[in-house]
Structures are given as structure tokens and as C-alpha cells.
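The next block holds one structure in the form of C-alpha cells; read it before the comments.
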Amino acid sequence: MKHQIALSMTLMQLAIGAGGTGTLPDTHLARINALQSAKNKPALTEEDLIVRPVRLFGNQLTSYFTRITDDDLRLLAQQINDAGGPALSAHMTDETPIGTFYAASVTPGGGDVLWLDTWVYFLNDADGQDLARKIDGGIINEASIGYWYERNVCSITGLDYWNSPYYAGREYEIVDPETGTTTTRLCFLWTIGNVEFAEGSLVYRGAYPGTQVGGDIGQPMNGESAVNVLPMPAQTRFQLAASRDMQTELDKKAQAHAASGSKPPSPAAKPAEPPSGQPPEGETVKLTLKLHDGSAATVENEESAQTVLNQQVAAAEKRAVQAERERVATAAGLEPAQLHDDTHLARLSAEAGDGRTYREDLLSRLERVTLTIEGNSEAGQRASERVKKVFKTADIADIRDEVERLEAKRDALVPSGQRSVENAEEGSEEPGKAPVRDLDSV
């Protein structure tokens, strides 16, 4: 209750003047310095600080039709109290914080409404004083939270949202199988699992209705009789309280639903309570699976799910075989159907044989021209063997280019009249003369 009382204090009672200094609420300086000590930072004084109250979040629907459980809302408050939390401007996570949240509590707001109220402190410097003036002057008025969580759970089925046939923000006629009563239910998302506070931001418009920065937190604003009566959130383009990416994901699911042309079935009615992650005992939940071809299949039990899975695996294997066949045919310059034609395969085999012969001829020319340039010595022979080994796995075009380069170099070094004739017939030498050394054929 101490946090709640402190959070309900009117800002004007803080007596913080234009310079930003004044008397902080009781225990606030100690709380701030406890956070400082945990970070191995020096203690601060009241003159170092400017503080303002913030109504940051709550347990009702956001404008993106998400909702947090009461226990997780309290967990966020505890995390802020234990370690503080960064205050940002407009969720700019690639920039450094402008302040720190501390002294959080969950405040009742009438009925089942709960608020996450907290405080934020800035340094009493030019930037901090500028922020305080904008808050007190009504320029900065709203806040938005960012937090991590694991799962989105459908409020109608109680199961993972991505396996649900319903779409957040839409209303459905749900029939109770026991009573036959039809009720209109809104689909929204519970954000559950390992909830962790990430940051809070000062924004021009928050995704959660009723947030407030500065002023008298909890008092009616704009002539309203009660600030705790929350309006139904409208779909907006503003920053989502829980995740920047949620709206994109919701849009993708809605587009897939429209493209499939399928109409979601009506499941058994369930109370709109925080989910346990499992359907009530004795009830059957139908799941609609989105398939590879864009169609949908509805499964009611393990056997039907296994059948659909086996069909999808078989279809995937068939597609993989066809894709590999097309790849091989393309590489061979054929149509896929020609892979089973012996005539085309025989032609490819002959062309491959000719290619191997041409490659071997190029490697032999490369070896001979290297020996011509390097000389018919032990070092020259090693050089010719080495170059043949290096180019053995090279592309034919690269081998041909190297042969032509070395033959041009040989022609520049050795006049044509002094070069031996390649492939000279044996026994053609004149009697009494030593045979001319054919360096190209060594």
C-alpha cells in the first residue's frame, strides 16, 4: 500500500519548481539509490533528480486487442521495483534511455480494472528540465510499455493463437453446446509466458487507453466523470504496447484467412478468463491447419491430424523429387521428360566423352608448352607436372585461356623456324644426323 499511496500523490504537492529540484516523496531517494547501488553507481541527491508519476499500463485490452493477465501485470511492477527499467522516447530502442522507471505498483481502478502506476526520474540537467517542462506544459501526456512474452493465446479457444481459426479484433457468434445459447464473443490475445519488462516510453499516443505522464495520476481528465472507465479500443496504427510486430502478424493472418475463403467453425463457448493453455476436459477442439497450397484442413482428433500430416509429407517428397529432376534436366540442357529417353541420354554420353577427350588434349598442350618455356630439365619437368596437376580440376575455359597465354609467350620467346614440328613421324630424320629434340612432345 505504501507504493499505492505514493503514486496517488498530486504532482503539485511535490513542490518541484522550474529548476527541477525540490522535496521528493518519502522513500523515493532511498529507492533510487538502492537501484544505483545495485548497478555499482554513486548515490544521487535530491538536487540531482527530477521525478514524475506515470500511469504506464493496465490489465484491459490494448488497441491491438492484446491483454495481460493480472498476475503478469503485478510481475511487471515487481520487476521495475527490483531492477528499475529504462525510459525511452517513442520506443527508440537504438538510442540511449532518457530516464529510469522505479517505484511501481498495481493500483485498483474500479471493477476489474487494474493500473500499472510507476515513477520516472530524469537527471536535473538541461535535457531533464526540458522534459519536465514539456510534461508539465501538456506537450508530453501519454506513455507506452514494451515487454517480452512467449505466447499469444486466443481468448475464445484458449489455445495458441496461430492454431486458432479466429482473428483478433473480430466478433463471433459462439454456441454453447450444453445450453444451445448463442453469445457474441470478441477474439483477443492473451500475452503469456515468461513476461519480462523491457522498457517504457513517452509517446504521442499510446496503444493502451488512459495512460498518463505527470499531473495528478488517477484523477478525472478532460471533464470525464471517471478516468477508470476504459473505452473499447479501436484498431489504430499506433505503437503496440507489447510488440512492434504484432499488427503485422495480425494482418498476415487476416489476409491468409481472406485468401483461403474458408469460414471458421464455431467452437464450444468458454469463459473469457486467463487461459490455462488446455481446453476444458471432455470438450473437443477443432483445429484448422493452413496447408502448403494455401488451402485449409480441419482436424478433430489425433488420427485425422496424423492423416493430414502423412499426406503433406508425401506431397512434399513428391515435390522434392520433381524439383531435383528439373534441376538435373536444366543442368543437362534437357526437358525433365527427356531424362527417361535413351536417345537423349546416349547423345549426352557421347558429348561428355568428346568433352573429356578435349579436356585431356588441352592438359597435354599445357604440359608441353610449360616444358618448352621452362626447359627440358628436372626443374622444367616438375613445373610441367605441377601446372597440369593445378589445372586438372579447372574449368575448360580456364585451361584453354592458360594454354593460349603460354603458347603466345612461347611464340614470342622462340622463333617459329627454331621450333620442332609436333607429332613428327618416327624415322624421318636424315641419316648421319642426330634427331631434332621435339620439346613439345616430351
Apply the Karplus curve 6.51 cos²θ - 1.76 cosθ + 1.60, θ = phi - 60°, to the phi angles in segment 306-318 and return the couplings in whole Hz, x for Gly and Pro.
5, 4, 4, 4, 4, 4, 5, 5, 4, 5, 5, 5, 5
5 Å is the cut-off here: which amide hydrogens, built 1.01 Å from N in the peptide plane, fall below it relative to residue 59, excluding neighbours closer than 5 in sequence?
114
For every other residue with a beta carbon closer than 12 angstrom to the beta carbon of residue 73, add +1 if it is Lys or Arg and -1 if Asp or Glu, then tell me the sum.
-3
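Residue 139 to residue 298: FRET efficiency via 1/(1 + (r/R0)^6), r the Cβ-Cβ distance, R0 56 Å, to the nearest 0.05?
Numbers: r = 53 Å, r/R0 = 0.94.
Efficiency computed from Cβ-Cβ geometry: 0.60.
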Quick query: amide H of residue 167 versus all other amide H atoms, modeled in the peptide plane; which residues come in under 5 Å with a sequence gap of 5 or more or a different chain?
none
If you add up the charges near residue 184, with Lys and Arg at +1 and Asp and Glu at -1, over every other residue whose beta carbon is less than 10 angstrom from its beta carbon, what do you get?
-1
Give me the accessible area per residue for segment 96-159, probe 1.4 Å, as a whole number in Å².
38
Calculate one ³J(HN,Hα) per residue across segment 399-406 by plugging θ = phi - 60° into the Karplus curve 6.51 cos²θ - 1.76 cosθ + 1.60, and present them in order as whole Hz with x for glycine and proline.
5, 4, 4, 5, 4, 5, 5, 6
For segment 57-186, give the percent of accessible area contributed by carbon and sulfur heavy atoms, probe 1.4 Å, rounded to a whole number.
49
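Once the mean 1/r over all distinct Cα pairs of segment 97-145 is inverted, what Kirkwood radius in angstroms do you read off? Working shown, then result.
Values: mean 1/r = 0.0799 Å⁻¹.
Taking the inverse mean of 1/r over all distinct Cα pairs, segment 97-145 comes out at 12.5 Å.
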I'd like the Karplus ³J(HN,Hα) series for segment 101-108: coefficients 6.51, -1.76, 1.60, θ = phi - 60°, whole numbers in Hz, and an x wherever there's a Gly or Pro.
7, 7, 6, 9, 7, 9, 10, x
Whose amide H sits under 5 Å from the amide H of residue 124, counting only residues 5 or more places off or on another chain, with H placed in the peptide plane?
49, 50
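The values are calculated or read from the model by the stated rules, or taken from the named source; none is laboratory data. Keep in mind the model is a prediction, meaning the values are calculated, not measured. Here Cβ is always computed from backbone atoms with ideal geometry, including for glycine, and neighbour counts include all displayed protein chains. Accessible surface areas use protein heavy atoms only, side chains included; no ligands, DNA or RNA. Shrake-Rupley method; radii C 1.70, N 1.55, O 1.52, S 1.80 Å.
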